[in-house]
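**Student:** One structure, as structure tokens, below. Some questions next.
The values are calculated or read from the model by the stated rules, or taken from the named source; none is laboratory data. Just so it is clear, the model here is predicted, and its values are computed rather than measured. Neighbour counts run over all protein chains shown; Cβ positions are idealised from the backbone, glycine included.
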Amino acid sequence: MTREVGILVYQHFQLLDMSGPADAFHMANRASGREIYSVNLISREGGLVSSAVGISVSTEAYSPRRYDTFLVVGGGVPSTSFEQCDELIDVARIGATNARRTASVCTGAFVLAAAGLLDGRCATTHWKHAAQLQQSYPNVRVDSDRIFIKDGDVWTSAGISAGLDLALAMIEEDVGADIARAAARMLVVYHRRPGGQSQFSALLDMEPGSDRIRNVLTYIRENLTEPLSIDRLADVACLSPRQFGRAFLSETGETPAKAVERVRAEVARDRVENGSEPLEVIARNVGFVDPERMRRAFLRIFGHPPQSMRRMNAYDITANIPQKWRTPAQPAMTDA
């Protein structure tokens with residue numbers, strides 16, 4: 001049985017939000033040797049729809065029909081919300097009602113939220129827009145620290161490339177890990193990141209609104225091996241601990257303790273993947289008390305322990321090196 005996938009696009013949509021999942025479903029067909037999925041690009045009125053980069057795609061006009069998967073891509077986020085686009089919201093609401101499962105990529109979550117499809121559910125979106133999603137739709141439980149989330153029959157994913165991880169997870173659920181893994185190989189990506197994995201450098205890339213909190217983030221990065229208690233960080237911000245905790249959470253979406261752990265883990269990750277230092281040394285040099293605490297932090301933030309991430313990085317480097325060019329330090333890698 002072929003599973004019908006409807007991907008809803010609109011003017012100035014993000015091209016990779018659409019092409020990533022579409023290619024994943026297509027590669028699943030190639031890997032299996034049969035048509036598991038039929039991908040349909042749809043829009044409210046049909047015809048050519050221009051993406052944010054100016055490339056237009058041909059779409060069919062939406063008409064109520066039964067889709068196995070109904071997916072809304074991301075695009076620009078208006079200063080208010082997608083509620084101004086009543087016709088688009090209606091299409092999303094009707095499409096979701098007639099689908100076995102509904103999904104969004106990146107800011108497509110705003111469309112689902114405006115249609116009331118995320119009320120009472122846990123959802124994610126691009127880290128940059130997570131606070132706006134939560135503020136605009138307080139009935140949604142927004143988790144800005146996830147690659148993708150499945151809550152019942154509704155899936156949401158983080159920004160841009162995370163749509164590929166979401167689609168591979170769907171493929172694995174539908175037809176098994178072997179086909180999903182084969183599709184990932186054809187796409188030349190690591191077999192999908194787990195949904196619980198963090199959106200990586202969100203904290204390091206964010207720009208808080210006040211100099212106080214920016215100075216605290218700089219202080220954290222420059223003093224990783226020091227005791228970074230909330231009292232100490234509040235002193236740096238020239239605020240009381242209570243005021244500081246509220247301000248930090250409001251501007252970054254993270255508690256100070258979680259932010260310290262995140263920065264330490266991200267610095268450690270680079271050393272784990274790109275160096276050969278013992279994990280005990282790395283843990284000590286980035287401020288973790290011991291390797292076990294670093295391991296638990298990696299599991300929470302990246303979805304993998306340090307040892308696995310070092311092996312995965314070695315696989316990425318050596319997997320495609322011809323055998324005749326390998327050195328003893330570059331053994332052929334095999335799937336676990």
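**Student:** Please go through the stretch 23-55 and pick out each residue that is among the small types (Gly, Ala, Ser) and either in contact (Cβ under 8 Å) with a residue 24 or more places away in the chain or assigned to a strand (DSSP E or B) (or both).
**Tutor:** As a first pass, look at the stretch 23-55 and keep what is among the small types (Gly, Ala, Ser): 24, 28, 31-33, 38, 43, 46-47, 50-52, 54.
ALA24, ALA28, ALA31, SER32, SER38, SER43, GLY47, SER50, SER51, ALA52, listed by residue number.
**Student:** Mind counting the residues in the stretch 133-155 that are in a helix (DSSP H, G or I) and surrounded by 17 or more Cβ atoms within 10 Å (Cβ to Cβ)?
**Tutor:** Taking the stretch 133-155 and keeping what is in a helix (DSSP H, G or I), we get 133-136.
When the remaining residues are screened for being surrounded by 17 or more Cβ atoms within 10 Å (Cβ to Cβ), the result is 133-134, 136.
The total comes to 3.
**Student:** Sticking with this structure for a sec: Restricting attention to the stretch 156-177, which residues are of a type in the set (A, V, I, L, M) and either touching a Gly at 6+ places or on another chain (Cβ under 9 Å) or in a strand (DSSP E or B) (or both)? Step through it out loud before you land on a result.
**Tutor:** In the first step, residues of the stretch 156-177 are kept if they are of a type in the set (A, V, I, L, M); the result is 158, 160, 162, 164, 166-171, 175, 177.
Those that are of a type in the set (A, V, I, L, M) and either touching a Gly at 6+ places or on another chain (Cβ under 9 Å) or in a strand (DSSP E or B) (or both): ILE160, ALA162, LEU164, LEU166, ALA167, ALA169.
Yes/no per residue for (1) at pLDDT 90 or above; (2) touching a Lys or Arg at 6+ places or on another chain (Cβ under 8 Å); (3) not in a helix (DSSP H, G or I):
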residue	(1), (2), (3)
GLY195	no, yes, yes
ARG214	no, no, no
LEU224	yes, yes, yes
ASP231	yes, no, no
ALA234	yes, no, no
ARG242	yes, no, no
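**Student:** Determine which single condition GLU60 fails, assuming it passes every other condition in (1) assigned to a helix (DSSP H, G or I); (2) charged (D, E, K, R); (3) at pLDDT 95 or above.
**Tutor:** (1)
**Student:** For the stretch 30-57, what are the residues that are at pLDDT below 95 and acidic (Asp, Glu)?
**Tutor:** Within the stretch 30-57, GLU45 is the sole residue that qualifies.
**Student:** Shifting gears a bit: Where the second residue is surrounded by fewer than 18 Cβ atoms within 10 Å (Cβ to Cβ) and hydrophobic (A, V, I, L, M, F, W, C) and the first is touching a residue at least 40 places away in the same chain (Cβ under 8 Å) and farther than 23 Å from GLU254 by Cα and lies in the stretch 280-306, which pairs have Cβ atoms under 7 Å and are six or more apart or on separate chains?
**Tutor:** none
**Student:** Of all residues in the stretch 279-336, which are at pLDDT 90 or above, outside any helix (DSSP H, G or I) and either over 27 Å from the mean Cα position of the chain (by Cα) or surrounded by fewer than 16 Cβ atoms within 10 Å (Cβ to Cβ) (or both)?
**Tutor:** The answer is ASP290, and nothing else.
**Student:** For the stretch 160-173, which residues satisfy the criterion of being surrounded by 21 or more Cβ atoms within 10 Å (Cβ to Cβ) and either in contact with a Phe, Trp or Tyr (Cβ under 7 Å, 6 or more places away or on another chain) or aliphatic (A, V, I, L, M) (or both)?
**Tutor:** Hits for the stretch 160-173 are ALA162, LEU164, ASP165, LEU166, ALA167, LEU168, ALA169, MET170, ILE171.
**Student:** Can we say THR97 is surrounded by 14 or more Cβ atoms within 10 Å (Cβ to Cβ) and assigned by TED's automatic domain parsing to the domain that holds ILE160?
**Tutor:** Considered against the rule, which asks whether it is surrounded by 14 or more Cβ atoms within 10 Å (Cβ to Cβ) and assigned by TED's automatic domain parsing to the domain that holds ILE160, THR97 comes out as no.
**Student:** Okay, moving on. Can you find a residue in the stretch 79-91 that is at positive phi and surrounded by fewer than 16 Cβ atoms within 10 Å (Cβ to Cβ)?
**Tutor:** Checking the stretch 79-91: not a single residue is at positive phi and surrounded by fewer than 16 Cβ atoms within 10 Å (Cβ to Cβ).
**Student:** For ARG65, indicate whether it is more than 21 Å from LEU117 (Cα to Cα) and assigned to a loop (DSSP other than H, G, I, E, B). First the steps, then the outcome.
**Tutor:** On the way: more than 21 Å from LEU117 (Cα to Cα): no; assigned to a loop (DSSP other than H, G, I, E, B): yes.
Here the answer is no, as ARG65 does not meet what is asked.
**Student:** Going by what's in this entry, would ALA113 be described as small (Gly, Ala, Ser), crowded, with 22+ Cβ neighbours inside 10 Å and outside any strand (DSSP E or B)?
**Tutor:** Yes: the conditions hold for ALA113.
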